[in-house]
Amino acid sequence: MFSNVTFYPHTTLIERDFEPHKTYLLMAAQHYDTNTLPVVSATTTLFCITVPAVIWKATLYEDALICCELAVNTRILFCEKECDALAKSLASCQSVLMFVDWMDTHIYRYLDRLFSLTGGDVTIMGAGCGRTDGKNLPIMTCNAEVLNGGFIVLLSPLSSRIGSSHGSAFHNGYYIAHTENSNQIVSINGEKAFDFYTKMLKQHFHEEVNETNIFSMGLKYPLGLGSMGTEQPLRVPSGVKDGHLIVAGPMEEESTLCLMRSTPQSLLVAHSIAVEGVRGGDKELSTQSCFMIECVGRRLVLESDFSQELEAIVRELGDACHHFGILSLGEIANSADKYIEYFNESCVIGLLDAAQ
Amino acid sequence: MQLNEQLLITYECVSSVGTSLDLKTMIEHFLKVFSRKTGSMASVYWQFNPQKKDFEPLCFYGKRSFSTMLVLPTEPMENYTIVYDAKSDKERLHVNVAGDWIVFLFHAKQNDVGFMKAIINSFSGKLENAIHACKNHLELLEMNENLAKKVHEEVEKNRQKDQHILQQSRLAQMGEMISMIAHQWRQPLGSISAVVAGLKLKLLLNRFDLESVEGREAHKQFTNESLHKIEEYVRFLTNTIDDFRNFFKPDKQQERISLEKLVNRTLEIIGKALEINGINVKVSVQTSNEILTYTNEMTQVILNILKNAEDVIKERNIPHAQIGITIFEKENEQYLEIEDNAGGIHEEILPHIFEPYFSTKQEKNGTGLGLYMSKIIVEDHCQGSIFATNTIFGAKFSIILKKEDA
């Protein structure tokens, strides 16, 4: 997928960092000033996404940038709602990497379309991009042009492997939720969603929730979507609006929810599951790139243990592998063995261009 | 925990059933929710087509590359059957509902398909009812569409019938017009004939001494006077033709005119015929305010009523025959009343006189369309009203038209 990956800590990129006739994906941490990106030649394409932080080896950076030069066989596209361009480009695709604005209300629509059009053995991984500092700056751009109302997708003809897990555990439920605009829970069990959530946290954990601490509380006590399988997709409450809960991800209009609990101990287990998933029983891995998508919430819950998680991943997958990644606001991981979903608080590990 | 999961997934799937009366929309939504909740990678709804006696895919959801695996049962099977495909290591769940088949595809290792079967079985009744409701709704829509088509056809037939009636009415009116022209022309033609006869007679009897200057002068004067008279009569004949020709032109635009002028214009056409038949016409005008109306069409209406009165008067040999025309204004309306003294209309036929093809004078070429057309003109074209009543002397027709500023 990537032929060359370069890390730029606090550095301003200049024009000669980019070659003509090549395409780059820049993953910028939110405190990296993307306004300093150089004007490149007309034949160079620069896609840029902004995320809360980037990961280089086992370290997290909030003001750095990772520049990925796309391999010749990899295509990158910005797809709008109907994804017409995508449909034409999927013939020989084996791996998909997808980036979407985490506040976009059409995420399920994009996922449905992407899943529908990709082949039966394609792996899809991806992330919700965005900022946590509240600044209203572009999230996705292409040669400085702002990209809205769609998603960036990279298509590679080479296979990849993915493993993912969140580690959050079921605590109480289930409840019936009514939603609006995809990511707003209006009511739960007939009560205003925020009132219900506040009541449940007080009752079960003696925690006081308010509009200021909602995100940190939401990370510790996320909501789980009712579904079959080993782990329920999570929806982390991240804000309050008119008594509605804003969650980090899409939901159907009628959903069942449960109260989950994320502890440092439970989350730390997740990375091992993700590593096991991506290894698939192989001791030797023939890949050079390990791309990590770590939910921003994991860092906030794990605090200092988060660096241990990154170090453990690097250690367990081997130093020969090139480790890099991003902190995300929502994760996508699908190996075509079940229907595609959007996750929260997950650790997703992808071995890019790895043989099956 | 598993019971809990089953309940909640059942709840969400049940909620997704019956959200639309369009079968495709409803099933698409159901397949979407079911796939998201159970992990089904692809699903298809096979609908039975009774005309083709075969199943056709109505909608598909999930990975398109798996669509070829979502096949119909090749042999008879129970309504809820799981089929394992060893080659692809996938399981199909076949569900027969409302005579159609839904086929779901699962990854064999990742999913407990037996559990999914139990879930969908638990709300099969609702799913079946919802599908039947959609199908019934579609039938109803088709019936409504056919009904709408039929109504359209009938309306078209009626329109053609109306056009036919209008045409007949025009032909009838033309017949009456020719009769009226004949009346109008009889007197001037007679006069021309008399002048010519007088001229011929005087010439025959050598009443002029053409040898003398006085005789030649008298002859010249008499000839000039005769020719002048003939010229006057010819002008009258020409005017009569112009009046009728204008009358037959259809109005495209409304004109501002007083009812008095309309009545006078009509009397210019029919007045002579009435006079010849000894019918005295009295016009009483209480307002000269103008209204906005289709003048030729309204003339046709007045003419119809006057012609009917003339016919009845002649038929009943009414002595001292009279027609009274009154024009007055009340509030926002102007009234035109035409009353005769011919004894009135029989009470049993009074409610029917404005119906098409209703006539009391069939033997005398009555078409039964005159009053029907009059009603159409007054009520549909001019937004007014027309009705008939009996007075102690005869019949009275009242036309009510809105004033321009009303």
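The values are calculated or read from the model by the stated rules, or taken from the named source; none is laboratory data. Just so we're clear, the structure is a prediction, and the values are computed from it rather than from any experiment. Glycine gets a Cβ as well: all are built from the backbone with ideal geometry, and neighbour counts include every protein chain shown. Surface areas here come from the heavy atoms of the whole protein model, side chains and all, with no ligands, DNA or RNA. Shrake-Rupley method; radii C 1.70, N 1.55, O 1.52, S 1.80 Å.
Table for the structure above
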quantity: Residues satisfying the stated conditions in the stretch A:279-310, i.e. of a type outside the set (S, T, N, Q) and modelled with pLDDT under 90; calculated: A:279, A:280, A:281, A:282, A:283, A:284, A:285
quantity: Considering residues of the stretch A:1-35 that are over 25 Å from the mean Cα position of the chain (by Cα) and outside any loop (DSSP other than H, G, I, E, B) only, the residue farthest from residue A:135 (Cα to Cα); calculated: A:16
quantity: Options A:163, A:167, A:130, A:120; residue that is under 21 Å from residue A:246 (Cα atoms) and of a type outside the set (D, E, K, R); calculated: A:130
quantity: Count - residues of the stretch B:41-57 that are more than 9 Å from every other protein chain (Cβ to nearest Cβ) and small (Gly, Ala, Ser); calculated: 1
quantity: Close pairs from the stretch A:134-161: first without any contact (Cβ under 8 Å) to a residue 24 or more places away in the chain, partner outside any strand (DSSP E or B), Cβ under 6 Å, at least 6 apart; calculated: A:146/A:138
quantity: Qualifying residue in the stretch A:210-220 (condition: within 14 Å of chain B (Cβ to nearest Cβ) and either within 20 Å of residue A:303 (Cβ to Cβ) or of a type in the set (Gly, Ala, Ser) (or both)); calculated: no
quantity: Residue in the stretch B:65-82 that is in contact with a strand residue (DSSP E or B) (Cβ under 9 Å, 6 or more places away or on another chain), acidic (Asp, Glu) and open to solvent by 20 Å² or more (accessible area, probe 1.4 Å) present; calculated: yes
quantity: Near pairs, Cβ below 7 angstrom, 6+ apart or cross-chain, from the stretch B:324-349 (outside the structural domain of residue B:280 (by TED's automatic domain parsing)) to any residue that is surrounded by 19 or more Cβ atoms within 10 Å (Cβ to Cβ) and assigned to a loop (DSSP other than H, G, I, E, B); calculated: none
quantity: Residue satisfying condition, being in contact with a Leu (Cβ under 7 Å, 6 or more places away or on another chain) and away from chain B (no Cβ under 14 Å), within set A:165, A:238, A:160, A:156; calculated: A:160
quantity: Yes/no for residue A:262 being under 28 Å from residue A:48 (Cα atoms), in contact with an Asp or Glu (Cβ under 7 Å, 6 or more places away or on another chain) and open to solvent by less than 50 Å² (accessible area, probe 1.4 Å); calculated: no
quantity: Sole exception among (1) outside any strand (DSSP E or B); (2) within 54 Å of the chain's Cα centre (by Cα) for residue B:47, by number; calculated: (1)
quantity: Yes/no for residue B:38 being within 14 Å of another protein chain (Cβ to nearest Cβ), β-branched (Val, Ile, Thr) and open to solvent by less than 10 Å² (accessible area, probe 1.4 Å); calculated: yes
quantity: Members of the stretch B:1-24 that are more than 10 Å from chain A (Cβ to nearest Cβ), in contact with a strand residue (DSSP E or B) (Cβ under 9 Å, 6 or more places away or on another chain) and either basic (Lys, Arg) or open to solvent by 50 Å² or more (accessible area, probe 1.4 Å) (or both); calculated: B:24
quantity: Any hit, the stretch A:232-244, residues being surrounded by 15 or more Cβ atoms within 10 Å (Cβ to Cβ), over 24 Å from residue A:178 (Cβ atoms) and among the small types (Gly, Ala, Ser); calculated: no
quantity: Cβ pairs under 7 Å, 6+ apart, first in the stretch B:113-128 and within 12 Å of chain A (Cβ to nearest Cβ), second charged (D, E, K, R); calculated: B:113/B:91
quantity: Cβ pairs under 6 Å, 6+ apart, first in the stretch A:230-241 and in the same structural domain as residue A:201 (by TED's automatic domain parsing), second of a type in the set (Phe, Trp, Tyr) and open to solvent by 10 Å² or more (accessible area, probe 1.4 Å); calculated: A:233/A:343; A:238/A:215; A:240/A:194
quantity: Criterion violated by residue A:46 - all others in (1) open to solvent by less than 40 Å² (accessible area, probe 1.4 Å); (2) within 30 Å of residue A:121 (Cβ to Cβ) satisfied; calculated: (2)
quantity: Scope the stretch B:91-106; condition open to solvent by 20 Å² or more (accessible area, probe 1.4 Å) and more than 14 Å from chain A (Cβ to nearest Cβ); matching residues; calculated: B:92, B:96, B:99, B:101
quantity: Total residues in the stretch A:334-355, condition out of contact with any Asp or Glu (no Cβ under 8 Å at 6 or more places or on another chain) and open to solvent by 20 Å² or more (accessible area, probe 1.4 Å); calculated: 5
quantity: Matching option when the condition is modelled with pLDDT of 85 or more and exposed (fewer than 15 other Cβ atoms within 10 Å of the Cβ), among B:228, B:219; calculated: B:228
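Matching residues to (1) closer than 21 Å to residue A:325 by Cα; (2) hydrophobic (A, V, I, L, M, F, W, C); (3) open to solvent by less than 30 Å² (accessible area, probe 1.4 Å); (4) within 14 Å of another protein chain (Cβ to nearest Cβ):
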site	(1), (2), (3), (4)
A:95	yes, no, yes, no
A:115	no, yes, yes, yes
A:121	no, no, no, yes
A:132	yes, no, no, no
A:137	no, yes, no, no
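Here's the yes/no breakdown for (1) in contact (Cβ under 8 Å) with a residue 60 or more places away in the chain; (2) among the hydroxyl-bearing types (Ser, Thr, Tyr); (3) not assigned by TED's automatic domain parsing to the domain that holds residue A:103:
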| site | (1), (2), (3) |
| --- | --- |
| A:173 | yes, no, yes |
| A:179 | yes, yes, yes |
| A:185 | yes, no, yes |
| A:197 | no, yes, yes |
| A:202 | no, no, yes |
| A:212 | no, yes, yes |
